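To start, the structure under review is shown below, and the notes come after it.
Only the coordinates and a few stated rules stand behind these numbers; no lab work does. Just so you know, these numbers come straight off a predicted model, no measurement behind them. Here the Cβ is made from the backbone with ideal geometry for all residues, glycine too, and neighbour counts use every protein chain on show.
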Amino acid sequence: MGARVGISVHGKFCVATENSIFAMPEIGARLDGAEILACGLATHFVPSAKLPLLEKVLISRAASVLKL
């Protein structure tokens, strides 16, 4: 919400979950994870239960790239 949105929205990848909420206090409206993805503010949607698996895969891929 607020300033954190301004920082994170410019990343190359932005992952939303069913627990994500996008809001700006001055606007008042809130978007949930599916809406964040649908309007293009997130690049990926991952159920929160799968976040540990996503982290494991990303770490593994980063490690293999660094070995090159």
Requested in this report: Work out the charge dipole of the chain with +1 on the Cβ of Lys and Arg and -1 on the Cβ of Asp and Glu about the Cα centre, then indicate which of Val46, Ser20, Ile59 is farthest towards its positive end.
Outcome: Ile59
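Over 18 Å apart: what share of the alpha carbon pairs of the chain falls there, rounded to a whole percent?
Of the Cα pairs, 46 percent sit more than 18 Å apart.
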**Report entry** In degrees, nearest ten, helix 51-66 long axis to first principal axis of the chain (Cα)
**Finding:** 50 degrees
